[in-house]
Amino acid sequence: MMDASSPSHTLRIKCQAKSPLCSKSPKTMFEGFKLEMIEVPEATLRVRYGGEGPPVLLRHGHPRTHVTWHRVAAVLAKHHTVVCPDLRGFGWSSKPMDTPNHRGSSQRAKARDCVALMKVLGFDNFAAVGHDRGGYTAFRLAMDHPTIVARLAILDAVPIIEALERCDARFATAWWHWFFFAQPAKPERAILADPDAWYGGSAEHMGDEAYADYRTAIHDPATVHGMVEDYRAGLGIDREHDEADRQAGRRIACPALFLWSLHDDLEQLYGNVLRVWSTWTTTQQGRGINCGHHMAEEAPEELAWELLRFLRERVGARSA
């Protein structure tokens, strides 16, 4: 839940004071984009949007904010209207109220935010792209709102239920943070003891402005708690939603693209990543990209052009 000490509240005050952080035409990052705090029924979202053409929504992962997309967005905006929000609970967006089942931090709740946000901006149908935790949001968005999502791209993720059902010693060793973050209070205390050491990152890879934005977020206790709550929801209510979809035989209805980083561990854990997704899709394609996990920062041009190709492709042109 947002309070006076949260980044969301602080940013709103700064925007009213016309702080350089809230400039609507930054000289270096997101040039030509607008930066606004937008109210939707269940949250207040910090959003950048710009460009012209068919709309595409970009969802970031943990522990980033929307600014992770700034290099990719610059390319996409030449052909599309690009919308980049902070996920609820992350960055400067509002923080949901805690509940025992973590419903307010669920991917279903975040997907509702997506639909409401795009409607505010005038879009009833759009493409959705999500990386890491934002990939789970994009997946849930496509599952819950099939008439709204025209195309879906998910980066470095498989469905939560698939990851958990395949959990073995390799997964538990590499992805131990999923289970640590499920514990009450201790993860926040550990992270906030030294956020820079916990999360890493650098201006060299992210860009000066993006790194400064990211560091402000990871040093904020409300944001750290909001991010950890996302994982708590993942092990419970999000998994339940996936299981309900599978039992009902629901699949992603739109064309889907899956990309993964060759220097991360999806191939090591799952082998054929597309095979994992095959029971959840009707039309799919994908490949690995020669970079680490944060592909929007490490391989922005390759990622942007792969997304552009997919977004332009006629329906039914390719499948895998």
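List of remarks:
- Sorted by Cβ density within 10 Å, fewest first, the residues 93, 261: 261, 93
- Cα-centre dipole for the chain with unit charges at Cβ (Lys and Arg positive, Asp and Glu negative), debye to 20: 840
- D_trans [Stokes-Einstein, Kirkwood Rh over alpha-carbon pairs] for the range 185-248, 25 °C, 0.890 mPa s, µm² s⁻¹: 181
- Remark: 171, 179, 310 ranked as 179, 171, 310, counting other beta-carbon atoms within 10 Å and listing the fewest first.
- Length released on extending from residue 186 to residue 121, taking residue separation times 0.36 nm less the Cα-Cα span: 19.5 nm
- Residues listed by number, the range 258-290, amide nitrogen under 19 Å from residue 313 label point at 7 Å toward C-beta: 258-262, 272-290
- Stokes-Einstein diffusion for the range 173-320, with the hydrodynamic radius set to the Kirkwood value over Cα pairs and evaluated at 25 °C in a medium of 0.890 mPa s, equals 136 µm²/s.
- Rounded D (µm²/s) - the chain, Kirkwood Rh over Cα pairs, Stokes-Einstein at 10 °C, 1.306 mPa s: 81
- Average Cα contact separation per residue, the chain, under 8 Å, 6 or more apart, as relative contact order %: 18
- The range 251-315 shape via C-alpha gyration tensor axes, a/c threshold 1.5: oblate
- In the chain, taking the dipole from charged Cβ atoms about the Cα centre, the farthest positive-side position among 94, 206, 222 is held by 94.
- P(r) of the range 122-252 over all Cα-Cα pairs, binned every 5 Å from zero, in whole percent: 2, 9, 15, 18, 18, 17, 12, 7, 2, 0
- Per-residue ellipticity at 222 nm computed for the chain from its helices equals -11500 deg cm²/dmol, with DSSP H segments shorter than 4 residues left out and the rest contributing -39,500 (n - 2.57).
A short reminder: the numbers here are calculations on the coordinates, not readings from a lab. All of these numbers come straight from a predicted model, not from anything done at the bench. Positions of Cβ are generated from backbone atoms using ideal geometry, with glycine treated the same way; all protein chains shown enter the neighbour counts.
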